[in-house]
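Peer 1: Can you read through this structure? Questions will come right after.
The values are calculated or read from the model by the stated rules, or taken from the named source; none is laboratory data. On a predicted model such as this, the values are computed, not experimentally measured, just so you know. Backbone-built Cβ (ideal geometry, glycine too); neighbour counts: all protein chains shown.
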Amino acid sequence: MSKFKIGDRVRDVSPHASGLGTSAGTIVDKDEGDNWLIHWDATPFYRINWHDHQIAHLKGDICELKFINSDATPQEQVLRVDTASIAVCMAWYGAYYSGDRYTVSVDGVKVEKDQNGELFEPLPSKGDGE
C-alpha cells in the first residue's frame, strides 16, 4: 500500500533526478503498474513512471520569498521555496548581505526579521486569518 495518493504535493528525491532535483509537483494519476503520473511545477511536462521510492511529500506549500535590497545589484531577488525553507533562506540571505538595507516578503506580505536577518516570529499558517 502506497503512502501517496492522487492530489498529493511531492518532491523528486530520486538519485538520478534528470534535472528536476527538488522540484515540487502534484500527483495527477496512477497506472495499473503502480507508476505515478506527476505534473511538475517547474516544467510544462507531465512525467510518468515515478515510483514511491523516487518521491517524498512536501512538508509545506511552495511560496514566493522576495528580498528587496537597496544596497545590492540586482535589488530584487525572488525565490520559490517550500514554506519549511523560509527561515533557512532568510538566515542565509541575512548572513550574506549583513549590513544591507533590505525587506523580505512571503507571497506579497512583508515579514519581520531580527538584526541578523532571521525570521523574527513564526509565519501564520494558511487560514489563520490574514
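Peer 1: Across segment 14-56, which residue is surrounded by the fewest Cβ atoms within 10 Å (Cβ to Cβ) among those that are at pLDDT 70 or above and under 30 Å from Val111 (Cα atoms)?
Peer 2: The selected residue is Asp41.
Peer 1: Something else about it: So which residues in segment 90-104 are in a helix (DSSP H, G or I) and either among the aromatic types (Phe, Trp, Tyr) or touching a His at 6+ places or on another chain (Cβ under 9 Å) (or both), if there are any at all?
Peer 2: Trp92, Tyr93, Tyr96
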